[in-house]
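The values are calculated or read from the model by the stated rules, or taken from the named source; none is laboratory data. Just so you know, these numbers come straight off a predicted model, no measurement behind them. Here the Cβ is made from the backbone with ideal geometry for all residues, glycine too, and neighbour counts use every protein chain on show.
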Amino acid sequence: MNQHITTEENSTTEDTGEDTVESNLEYQACDECGGDLREDEQHGEVICEDCGLIIDEKAIDRGPEWRAFDSGERESKSRVGAPTTNTLHDKGLSTNISWQDKDAYGNTLSASQRQKMQRLRTWNERFRTQDSKDRNLKQALGEISRMCSALGLNNQVEETAGVMYRRCLDENMLPGRSIEGMATACLYAAARQCNTPRSLDEIYPVCRVDNEKAIDRSYRYIASELGLEMEPVDPRQYLNRFINGLELDEPQAVRRTAEELLSIAERENIHSGKSPTGLAAAAIYAAGLLENEEITQRKVADVANSTEVTIRNRYQEMLAAADYPVSR
DNA sequence: ATGGTTTTTACTGCGTC
DNA sequence: GACGCGGTAAAAACCAT
């Protein structure tokens, strides 16, 4: 049984997000060529349909759109209360007292009322995070949220990571492990499952875990304990991001060629056992050669967190497998 | 723990600008 | 001389067993 954890039911952007995003994008045009923009939700990127320029890597959570224009929509969109979210430790269901000292009409409160509200806030906060699990969860979700922002990962990843962490907590997997480590591991797994992988090398600098291996260990633990069936990362998922990190004249040509090379590599079975980032880097470098782009091994290695040696080995194998150089 | 594989580190020589 | 590239050897990391 393939137990992919997703949060489709609870995703706040699920049913309304798509049309909303599409209609928003209609009004925007690509800076480079003026083409239409398309949101690649899988990769959390906004891409120009024509030239493929990535306009925005960090998907913005545009939040729920609660408008309904006919009875059908009203039916499908109707909810009781606010949407629940796994990014808050109580799923956003608890009382929240505004920090502003305003009443419902926006009028400023009197001094005594202000004092009263302050006391209520204090107590509300105490009840909200009453037991240790809640406090634990609150901290973990805060960490996950922070790291998601730092890494430019979208809300779906945050939700998924949140669900995973909850499961870890429910299954009593936390004792003896650090909250930060498990939260980071959940995020790593979630990013992979949402097809927006980030390598451990990328995650490590933004997390608050002091050793990189601990994350890896926790990740494996989670994956096996929760029965996640994690497939190896597809190197193609790194292409856009890495290419974007290089300043190229024809990024799209390079991307297409690199994609092709990776597909061939996959077909010829020279990819298994090799690091996905290294493969992606080598494909980009090789594509650069074929497309007459000036890309140095050093630069690709840098954006891909790999090394020149690895790129050399991989790209030669790939070109050989592809029977290149064939000029095109 | 162990052995096989892959990646990284460090160093070298070569050609070019 | 700096730079990009290719190769190598040895260390380190990784992975299945």
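Key figures for this structure:
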{"quantity": "Wholly enclosed helices (runs of 4 or more DSSP H) of the range A:138-206 bearing at least 1 residues crowded, with 24+ Cβ neighbours inside 10 Å and among the polar types (S, T, N, Q)", "calculated": "A:155-170, A:179-193"}
{"quantity": "From the options A:E260, A:E293, A:E266, A:E247, residue that is at pLDDT 90 or above and within 15 Å of DNA strand C (Cβ to nearest atom)", "calculated": "A:E293"}
{"quantity": "Qualifying residue in the range A:269-287 (condition: more than 26 Å from the chain's Cα centre (by Cα), within 12 Å of DNA strand C (Cβ to nearest atom) and touching a residue at least 24 places away in the same chain (Cβ under 8 Å))", "calculated": "yes"}
{"quantity": "Hits in the range A:259-276 (condition: of a type outside the set (G, A, S), within 14 Å of DNA strand B (Cβ to nearest atom) and either surrounded by fewer than 23 Cβ atoms within 10 Å (Cβ to Cβ) or outside any helix (DSSP H, G or I) (or both))", "calculated": "A:E268, A:N269, A:I270, A:H271, A:K274, A:P276"}
{"quantity": "Total residues in the range A:280-315, condition closer than 15 Å to A:L239 by Cβ, near DNA strand B (Cβ under 7 Å from one of its atoms) and either out of contact with any Asp or Glu (no Cβ under 6 Å at 6 or more places or on another chain) or part of a helix (DSSP H, G or I) (or both)", "calculated": "2"}
{"quantity": "Among (1) touching a residue at least 40 places away in the same chain (Cβ under 8 Å); (2) within 14 Å of DNA strand B (Cβ to nearest atom); (3) touching a Lys or Arg at 6+ places or on another chain (Cβ under 7 Å), the one test that A:S199 misses", "calculated": "(3)"}
{"quantity": "Subset of the range A:214-236 (residues that are loosely packed, with under 14 Cβ neighbours inside 10 Å and either outside any helix (DSSP H, G or I) or hydroxyl-bearing (S, T, Y) (or both))", "calculated": "A:S224, A:G227, A:E229, A:E231, A:P232"}
